[in-house]
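Notes for the one structure printed next.
The values are calculated or read from the model by the stated rules, or taken from the named source; none is laboratory data. Quick caveat, the model's predicted, so the values are computed rather than measured. Glycine also receives a Cβ, built like all others from the backbone with ideal geometry; neighbour counts cover every protein chain displayed.
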Amino acid sequence: MKSNPDIKKVIRQHAEMAEFFSGGLTVKKLTAEHAENAEEEIKLNSANSAVSAVKITRPPCSAENIKELEDIAEQTRKCRKCELGSLRKNAVPGEGNTSARIMFVGEAPGADEDTQGRPFVGRAGQLLDKIIAACGLKRQDVYIGNILKCRPPDNRDPKPEEIIACIPYLQRQIELINPEIIVALGAHAAKTLLDTPKAIGQLRGIFHEYVPGLGHKPIKLMPTFHPAYLLRNYSDDNRRKVWEDMKKVLAELGLPIPPRANR
Ligand code: SF4
């Protein structure tokens with residue numbers, strides 16, 4: 001039986017995407033000069049490995065903050081502040097390291113997330129895992145959340161009234177976790193957190209400031225493309241843009257850039 005060319009194309013794109021974010025594609029394109037630089041980078045990374053190991057997270061989040069984060073998660077599971085509360089299977093409050101230096105914020109749960117009650121566990125989540133791994137980090141080193149805690153039907157865009165109802169949960173999670181950098185995944189996350197109508201193409205690639213509530217310092221925010229957008233708009237250029245954004249995040253945190261994927 002002949003296989004569907006579209007399916008073959010999607011499988012190939014996924015394989016290449018995985019290869020790109022795990023460094024394989026970049027290695028193939030290394031020139032002699034790049035190889036020399038990469039060698040230097042490896043030495044630097046070896047020297048820095050002990051330092052990076054302790055810099056991946058901050059000092060532990062206080063017991064009080066962890067308790068409040070758990071309370072927020074419980075509130076979202078009972079929440080009916082917008083219509084999505086009666087449509088969801090599970091709320092997806094967010095998860096990860098409460099002492100994370102990096103917090104990823106996406107738009108809203110999809111079908112897989114709704115089923116499991118966990119953020120970024122579908123196809124886009126698998127790609128996010130690869131991006132995190134390409135950064136030399138593990139999923140458990142970062143915190144991952146969404147603007148909306150419940151799935152919009154058919155993955156439609158969040159409605160303004162849903163964002164208004166739900167955003168206080170995320171705002172408080174950000175204050176309690178207090179990451180050094182927020183990576184806003186996609187237009188909805190970036191526009192909501194920065195309170196701007198600008199397009200993601202204009203926002204990505206440069207640091208902005210997210211302003212939490214009174215008494216909290218502004219937090220650097222890097223907008224980048226949502227992994228689901230990358231899957232839909234597959235191109236070397238888009239993948240490289242995301243990687244460029246993530247390299248800036250690593251540099252800002254003083255974390256080493258893994259040599260196999262650093263160009
Ligand atoms: S999306 Fe947010 S505000 Fe709406 S029901 Fe779910 S938790 Fe509540």
Next item on the list: Answer yes if at least one residue in segment 166-173 is loosely packed, with under 14 Cβ neighbours inside 10 Å and closer than 18 Å to I144 by Cα, and no otherwise.
Entry: yes
Next item on the list: Only residues that are near the ligand (Cβ under 10 Å from one of its atoms), over 15 Å from E162 (Cα atoms) and loosely packed, with under 12 Cβ neighbours inside 10 Å: list them for segment 63-91, please.
Entry: K78
Next item on the list: Please work out if A184 is in contact (Cβ under 8 Å) with a residue 60 or more places away in the chain and either surrounded by 13 or more Cβ atoms within 10 Å (Cβ to Cβ) or assigned to a helix (DSSP H, G or I) (or both).
Entry: yes
Next item on the list: Kindly provide the set of residues from segment 56-95 that are closer than 18 Å to E180 by Cβ and not in a helix (DSSP H, G or I), ordered by number.
Entry: I56, T57, R58, P59, P60, C61, S62, G94
Margin query: Report every pair of residues separated by at least 6 positions or lying on different chains whose Cβ atoms are under 6 Å apart, first residue within segment 231-247 and at pLDDT 95 or above, second among the polar types (S, T, N, Q).
Written below: V242/T224; D245/T224
Item checked: C150 being crowded, with 24+ Cβ neighbours inside 10 Å, within 16 Å of the ligand (Cβ to nearest atom) and in a helix (DSSP H, G or I) -> no
